[in-house]
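Only one structure is covered here, and it is reproduced in the block below.
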């Protein structure tokens with residue numbers, strides 16, 4: 001019989017550089033491969049499995065809902081979708097409305113469309129002084145500014161928004177309407193505002209290149225720049241949101257609520273592995289070009305956006321159950337407490353191979369020294385070389401660029417499991 005790897009090589013598009021592991025089952029923070037080897041999973045599907053693998057309540061909810069109603073068109077109302085939207089509004093803490101989809105890339109597509117719709121239908125502010133010149137806004141603004149090092153998905157618009165050249169390579173011509181500026185640099189952002197700019201899209205914590213949080217001063221400056229120029233401030237919280245930082249929203253953790261966005265995208269941890277994405281739009285007044293008042297949350301009216309599978313009764317019921325578990329098991333506090341504990345434990349190794357440890361809550365990265373690969377005698381990228389050793393020791397985690405590794409364990413990880421992971425890491429660094 002063909003091995004699983006052979007089946008993939010013969011039949012599956014080779015768009016992923018997969019590790020040579022064939023995983024078979026999971027329970028909590030642990031996962032087993034086909035040979036029966038057990039691993040601690042500190043990747044959790046890249047921040048997806050918020051309450052661990054195969055949580056009994058999630059499994060029971062899926063089974064129960066599968067016997068009730070799996071799918072119906074969005075031409076009709078279903079209560080789980082309304083309840084989930086109300087729950088997410090409560091988490092944000094500001095009035096708004098939610099659209100449900102299937103993934104983070106789709107959620108971000110919704111934000112791009114919101115920005116375009118806003119630029120086409122909302123009245124632009126009067127010209128103002130910007131970056132040393134008088135700026136006259138275009139009548140139909142469409143440009144979204146994003147940041148170097150960002151990651152916003154792999155659709156054509158998503159790779160255009162992403163501030164990493166390697167993601168865009170091979171897909172020219174790149175979708176127009178996006179420009180990238182340095183992260184955590186408010187003066188550069190201010191200088192980048194042009195006549196066509198309509199929105200700023202940012203991850204409060206950049207995950208794909210080493211877990212880099214935005215500073216409080218930068219977030220406050222971005223909000224002011226957006227307000228000054230009539231721009232939307234949109235947060236991509238696909239990886240960092242819904243409990244990962246110890247609050248429901250990463251921007252709440254970083255700003256203590258001082259900065260409020262106009263829109264937010266979510267996915268990953270919302271439903272513990274069941275495909276689900278969503279975006280939230282703030283309910284705030286806007287003036288349309290005809291002078292009428294409206295709400296930003298109502299701008300995507302009937303026929304302007306849609307999905308077949310987004311917001312199904314199954315998906316929304318599962319997401320409600322996952323988020324209820326996070327609430328009832330006090331996992332926000334666990335993320336805060338054990339995130340700090342994990343960072344201190346990694347630092348406690350005092351390894352000369354680790355340059356830096358950073359992160360917020362249970363979104364943690366440790367950066368390896370520049371000559372890591374040479375020191376251990378491995379010609380692969382540092383992150384891949386160390387991950388190979390960690391796999392051998394029974395720990396799964398995720399590369400974050402070529403020099404950093406992410407820990408994104410389930411939010412219900414225990415102190416004992418963190419101790420075990422640190423022990424495996426220490427052994428891998430010393431071997």
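The values are calculated or read from the model by the stated rules, or taken from the named source; none is laboratory data. Note that the structure is predicted; figures quoted are calculated from it, not measured. Cβ placement follows ideal geometry from the backbone for every residue including glycine, while neighbour counts extend to all protein chains displayed.
Numbers at a glance
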item: Total residues in the stretch 225-257, condition under 24 Å from residue 286 (Cα atoms), touching a helix residue (DSSP H, G or I) at 6+ places or on another chain (Cβ under 8 Å) and not in a loop (DSSP other than H, G, I, E, B); result: 7
item: Residue in the stretch 395-414 that is out of contact with any helix residue (DSSP H, G or I) (no Cβ under 7 Å at 6 or more places or on another chain), surrounded by fewer than 21 Cβ atoms within 10 Å (Cβ to Cβ) and either farther than 21 Å from residue 19 by Cβ or assigned by TED's automatic domain parsing to the domain that holds residue 248 (or both) present; result: yes
item: Selected residue (criterion: nearest to residue 118 (Cα to Cα)) from residues of the stretch 258-271 that are within 14 Å of the chain's Cα centre (by Cα) and not in a strand (DSSP E or B); result: 267
item: Matching strands (runs of 3 or more DSSP E) fully within the stretch 36-148 where at least 3 residues are in contact with a strand residue (DSSP E or B) (Cβ under 7 Å, 6 or more places away or on another chain), over 30 Å from residue 387 (Cβ atoms) and in the same structural domain as residue 287 (by TED's automatic domain parsing); result: 96-101, 143-147
item: Hits in the stretch 293-317 - residues which are surrounded by fewer than 20 Cβ atoms within 10 Å (Cβ to Cβ), under 18 Å from residue 275 (Cα atoms) and under 22 Å from the mean Cα position of the chain (by Cα); result: 306, 307, 309
item: Checklist (1) assigned by TED's automatic domain parsing to the domain that holds residue 207; (2) modelled with pLDDT of 95 or more applied to residue 290, failing item; result: (2)
item: Residue identified as without any contact (Cβ under 8 Å) to a residue 40 or more places away in the chain and out of contact with any helix residue (DSSP H, G or I) (no Cβ under 6 Å at 6 or more places or on another chain) among 86, 115, 107; result: 86
item: Where a residue in the stretch 341-362 is closer than 19 Å to residue 381 by Cα and assigned by TED's automatic domain parsing to the domain that holds residue 381 and its partner, wherever it lies, is at pLDDT 95 or above and part of a loop (DSSP other than H, G, I, E, B), with Cβ under 6 Å and at least six apart; result: 353/369; 355/369
item: When residues of the stretch 394-429 are limited to those that are in a helix (DSSP H, G or I) and without any contact (Cβ under 8 Å) to a residue 40 or more places away in the chain, the one farthest from residue 47 (Cα to Cα); result: 427
item: Residue within the stretch 352-367 that is in a helix (DSSP H, G or I) and surrounded by fewer than 17 Cβ atoms within 10 Å (Cβ to Cβ) present; result: no
item: Residues of the stretch 155-170 satisfying the condition of being in a loop (DSSP other than H, G, I, E, B) and either under 28 Å from residue 220 (Cα atoms) or out of contact with any helix residue (DSSP H, G or I) (no Cβ under 6 Å at 6 or more places or on another chain) (or both); result: 162, 163, 164, 169, 170
item: Any hit, the stretch 70-79, residues being buried (at least 17 other Cβ atoms within 10 Å of the Cβ) and more than 21 Å from the chain's Cα centre (by Cα); result: yes
item: Lone qualifier among 330, 320 - being at pLDDT 95 or above, under 23 Å from the mean Cα position of the chain (by Cα) and farther than 23 Å from residue 99 by Cβ; result: 330
